[in-house]
Amino acid sequence: MSSKVSRKQFLKGMAVGGTMTLAASTLAGCQKAMPSGPVPSKWDEEADVVVVGTGFAGLAAAIEAKNAGAAVKVIDKMETPGGNSIINGGDFAAPGNWYQKEQGIEDSPELMLKDMLKAGLNLNHVDRAKVLTEKALEAAEWARDYIGAEFYRLTFHGGHSVPRTVQLVKGGSELINKMLKKLQELGVTVETQRKLERLIVDEAGRVVGIEARDGYTFGDETSGKTIYIKAKKAVVLATGGFSRDIKMRMIHDPRLTEAFESTNHPGATGEALRAALKIGAMDVHMDWIQLGPWASPDEPGFGYVPLFCERVVGWAPMINPKTGKRFINETGNRKVRADAIIEIGVPVIIVADTYATEKNVPANVIENGLKIGAIKKFDTLEEVAKEYGIPWDAFKAEVERWNQFVENKKDEDFNCMIFQDAKPLGFQPPFYAARLWPKVHHTMGGLVTDVNGRVINQDFQPIPGLYAAGEVTGGIHGAVRLGGVAMADCVVFGRIAGKNAAAETPAA
Amino acid sequence: MNAPTTPPSPKGLKGFIARRGIACTIVIALFILLVAANAVYALWEASYNPSFCSLCHIIRPYVDSYHTSEYLDNIHQQANVGCKDCHVTTPIGALQEVAAYVTGNYENPLKERKIGTDVCLKCHRSYESLAERTAHLNRNPHESHWPNLRCTVCHKSHRPAENYCAQCHQD
């Protein structure tokens, strides 16, 4: 093994999960990558560890690699750093966290794992999911204490059995900007407009560097000039998902045409993932592409409505405007909700009163949502029905039924989680409502990696010199990723990949 | 029948010095140098005038745009800001440009330059002062999650501005 990750460590990692197919085949096949073209006779630049991507995973990897003593280079193809993470909502799933303790909420890594497996339809790679749940709290504390990111409250996301996500002030940009600042303090410069073109593999089958376009402008494939960057120890791929790569997502899920908007930034495309596939990496779950059921057709991108909708589920009902009735467990996972909305075929309505809204939703979300018209305000429920064409009698009866469930704290129809402090809809008018139509949000699929962050090849073996972390990897979430678990995944495995990359023995 | 030989008078600088004397030579050399320096200086000064830049056929379209467009270049023209106030260069840089021209090592149309924020802030004071001016907007582009977003990511001089934020956010 050319890696310093010892066999003992590796097997220990395997034993943690136990269920991965890798264990059965560690003795077969070759630890090498496929050739991708010539190795340059002269490198333009070099570093011990080259990190590609500047979201949560990439920056976490860069910081850990640097702190482990490696010379680090961080590149990003976009003009600005932060990838999708900088527009992330800012929720970090951390079981047993400080807010839960304050509020007396019992939680554990085991319970989080159970939730992940349930939502993931047990397709999750359990060994990695287990590492994630065990290290998520430590990673959140690292973000809070070492990086200095400011969290301010506990939030709930559908599919979790308890509120367990800690939320950053200013969303994901808080953590990204504090990590960028930390990297600056550590003397690492983030190099934007540098796009990975090819992973370079030497004769021994080790990834030894990258071919990149320097001065690249997103969308102009002829821009910039070719440079070769040597990675003496390893390359870490942290290039995110492919939600905005319409051609690629339609290969895996042909329903996801350009008619579906995405919550992602424009750079969420899949060429870096494919660069790894070209050298023999293995992929998994590529057709499990998550749609956000809380998105609005009345605003672009992620917008304000998700921050309203996700905060009032469990306090307020979602209504099918055709029937006037509820149709799904509002606190269920993203997949069941998105599928149910698509089956209805028209945008559905979430409606909450002032009590539920003011108790849960930041004031600026409502203010801005109202300003652009994605959220609307009504004095009565009858006006809500009129605006969205909901049959009034059926709607009125359904609200009465919902209110009974709220009083009893038990939803007999869909088993929605009803929060302790929830009050019947109409307790305090006026009402706030929004239309919901799913948007492409997260690609669960990606590169197969082991618990050490190493990319696995088609012979079930780690590719020497290649690590990956974050949304570019697949398997950990199974069929459905729960809210707040992406950031946890990125930070936990970004750190692991960075540390292990720095511990590699340089190529001969 | 040999012609009488006269010693050949030394040619070149040596001869010149021999004929005129060292002091005179130095005075003349200094004079020439002064004229040349003045000419270079005048040229350098003249290069601040946009019409100087438009002498070059590759740059001319940009200067035309500067005089007539609806873009930032024309706004800067109205404020009496010249090409070289943004396209900051040094005499060596200018020589390199001449060399690039002579050797044909340039693009046409020219590659869009990425002017640094520091150049803009020579006149536009500070990011904070700009943020104050756009504080009325729903999302303040000068107070975004990119604290040091380069101005030219959105503000283009010779073509319409691009709303970079709108790639993900509604105004």
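The values are calculated or read from the model by the stated rules, or taken from the named source; none is laboratory data. All values derive from a computational prediction rather than experimental measurement. All Cβ positions, even for glycine, are placed from backbone atoms using ideal geometry, and neighbour counts span all protein chains on display. When the accessible area is computed, the model is the full protein with side chains, heavy atoms only, and any ligands, DNA or RNA have been set aside. Shrake-Rupley method; radii C 1.70, N 1.55, O 1.52, S 1.80 Å.
Among all positions in segment A:370-393, there is at least one residue which is among the small types (Gly, Ala, Ser), open to solvent by 10 Å² or more (accessible area, probe 1.4 Å) and touching a residue at least 24 places away in the same chain (Cβ under 8 Å). Only one entry in B:131, B:135, B:100 is in contact with a Phe, Trp or Tyr (Cβ under 6 Å, 6 or more places away or on another chain) and aliphatic (A, V, I, L, M), namely B:100.
Does residue A:96 satisfy the condition of being at positive phi and away from chain B (no Cβ under 14 Å)? Yes, satisfied. Counting the residues of segment A:151-183 that are within 14 Å of chain B (Cβ to nearest Cβ) and part of a loop (DSSP other than H, G, I, E, B) gives 3. Here residue A:148 passes the criteria (1) open to solvent by 30 Å² or more (accessible area, probe 1.4 Å); (2) in a helix (DSSP H, G or I) except the one numbered (2). Exactly one residue out of A:62, A:70 is open to solvent by less than 20 Å² (accessible area, probe 1.4 Å), part of a helix (DSSP H, G or I) and within 18 Å of residue A:146 (Cβ to Cβ), and it is A:62. In segment B:125-152, what residues are open to solvent by 100 Å² or more (accessible area, probe 1.4 Å) and hydrophobic (A, V, I, L, M, F, W, C)? Hits for segment B:125-152: nothing passes. Across segment A:203-234, the qualifying residues are those that are in a strand (DSSP E or B) and among the basic types (Lys, Arg), and the one among them that is farthest from residue A:30 (Cα to Cα) is A:225.
Screening B:122, B:156, B:114 for residues that are outside any helix (DSSP H, G or I), open to solvent by 50 Å² or more (accessible area, probe 1.4 Å) and within 13 Å of chain A (Cβ to nearest Cβ) leaves exactly one candidate, B:114. Evaluating residue B:109 against the criteria (1) over 18 Å from the mean Cα position of the chain (by Cα); (2) in a loop (DSSP other than H, G, I, E, B) leaves one unmet condition, (1). Segment A:288-401 holds helices (runs of 4 or more DSSP H) entirely within its bounds, and those carrying 1 or more residues that are within 14 Å of chain B (Cβ to nearest Cβ) map to A:305-312, A:363-372.
Per-residue answers, yes or no, for (1) assigned to a loop (DSSP other than H, G, I, E, B); (2) without any contact (Cβ under 8 Å) to a residue 60 or more places away in the chain; (3) over 17 Å from the mean Cα position of the chain (by Cα):
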site	(1), (2), (3)
A:433	no, no, yes
A:441	no, no, no
A:451	yes, no, yes
A:463	no, no, yes
A:476	yes, no, no
A:487	no, no, no
A:492	no, no, no
A:500	no, no, yes
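Only one entry in A:215, A:209, A:205 is open to solvent by 30 Å² or more (accessible area, probe 1.4 Å), of a type outside the set (Asp, Glu) and either over 16 Å from residue A:39 (Cα atoms) or assigned by TED's automatic domain parsing to the domain that holds residue A:489 (or both), namely A:215.
Scanning segment A:239-260 for residues that are open to solvent by 10 Å² or more (accessible area, probe 1.4 Å) and either under 17 Å from residue A:497 (Cα atoms) or among the small types (Gly, Ala, Ser) (or both) gives A:239, A:240, A:259. In segment A:402-418, the qualifying residues are those that are assigned to a loop (DSSP other than H, G, I, E, B) and touching a residue at least 60 places away in the same chain (Cβ under 8 Å), and the one that is most open to solvent (accessible area, probe 1.4 Å) is A:415.
One residue alone among B:39, B:131, B:46, B:94 is farther than 19 Å from residue B:159 by Cβ and touching a His at 6+ places or on another chain (Cβ under 8 Å), and that residue is B:131.
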